[in-house]
1. I need the full set of residues from segment B:44-73 which are over 18 Å from A:Asn26 (Cα atoms) and within 14 Å of the chain's Cα centre (by Cα), in order please.
2. What residue, of A:Ser30, A:Ser20, is open to solvent by less than 60 Å² (accessible area, probe 1.4 Å), within 54 Å of the chain's Cα centre (by Cα), more than 9 Å from chain B (Cβ to nearest Cβ) and not acidic (Asp, Glu)?
3. Considering each of A:Ala57, A:Ala86, A:Ala44 in turn, give the residue that is at pLDDT 90 or above and small (Gly, Ala, Ser).
Amino acid sequence: MKKEDIIFTNERERRVYLMSIEKILNFKDSKVKRSSMITSIASAVAFLSLVFTLFFATGVIPGRHVEDSTQNNYVEYDVEFSERYAEFFSLTESSDTSDIYGDLFSNGT
Amino acid sequence: MEEQEAVTLIKKGNMMGFDHIYKEYSGRIYGYLIRMVGEPSEAEDLTSEVFFRFYKGIGKYKDRGMLSSFIYRIAHNAAMDYFRKSKGIILSYDDNIQSSKEEKEESPYSEEEKMMLKAGMSRLSAKDRELLIMFYISGLSIKEIAGSLGKSVTAVKVSLKRARDRLKMEVPA
């Protein structure tokens with residue numbers, strides 16, 4: 001479609017039109033500036049996150065070692081428990097209860 | 001060019017559509033605003049603001065709605081913003097707008113009657129004056145006024161009747 005020039009009926013109409021167009025152009029300009037600013041901030045953030053990822057991966061910045069204390073406790077507890085369990089059974093298996101009772105009764109009587 | 005076609009062009013970023021709407025409504029919007037604020041330079045600023053806000057908000061305009069209501073709603077909001085900024089000071093009603101030769105010839109009122117009407121309008125509240133301007137001067141329908149003020153048709157009818165009654169009281173018979 002061909003752009004036609006607007007014909008104004010009076011000076012006021014022309015003046016107001018130019019004021020409106022100026023505001024619209026400023027608005028468009030600020031929109032462009034805003035979107036380019038957002039784009040540059042986003043790319044800066046992406047770049048920094050990439051740099052930090054690389055630093056952590058290569059060990060330039062050492063990562064914090066987090067100990068899993070729950071797991072260790074569980075293992076320790078498990079070991080302790082099984083040791084005590086084994087001890088208990090070994091005691092019951094090796095000891096001769098009849099002798100104990102026999103001694104007890106023999107001593108008492 | 002149809003209004004709808006012009007709106008579609010604006011939405012696509014074509015300023016030809018904007019030019020068409022401007023030509024169609026600028027005179028009426030300026031007429032409404034100068035009667036509301038009374039100061040030609042303020043009315044010009046506000047008119048340009050209305051068309052800027054119209055351009056900015058065209059995305060919100062639904063195709064099935066009335067464009068006149070949409071533009072007058074923006075103009076109403078611009079006028080209310082102006083009154084708020086000027087701390088509620090409402091300037092006197094001014095009807096010294098350059099009317100066309102035909103309008104002058106067709107006017108059934110004498111200069112004295114016009115002066116009395118003008119004085120009566122100045123004494124009305126901004127809300128009453130706005131309704132009377134929209135209906136009698138801008139030539140909007142009740143439905144269009146309702147759309148632009150965000151009121152129901154019945155509410156506009158009632159308010160318009162009250163505004164007319166108050167003007168009658170202000171203008172001696």
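The values are calculated or read from the model by the stated rules, or taken from the named source; none is laboratory data. Predicted model only: the values in this text are computed from it and were never measured. Positions of Cβ are backbone-derived with ideal geometry, glycine not excepted, and every protein chain shown enters the neighbour counts. Accessible surface is based on the protein model in full, side chains and every heavy atom, while ligands, DNA and RNA are left aside. Shrake-Rupley method; radii C 1.70, N 1.55, O 1.52, S 1.80 Å.
1. Scanning segment B:44-73 gives B:Glu44, B:Leu67, B:Ser68, B:Ser69, B:Phe70, B:Ile71, B:Tyr72, B:Arg73.
2. On the way: A:Ser20 fails: more than 9 Å from chain B (Cβ to nearest Cβ).
Criteria check complete, one pass: A:Ser30.
3. Details: A:Ala57 fails: at pLDDT 90 or above; A:Ala86 fails: at pLDDT 90 or above.
Among A:Ala57, A:Ala86, A:Ala44, only A:Ala44 is at pLDDT 90 or above and small (Gly, Ala, Ser).
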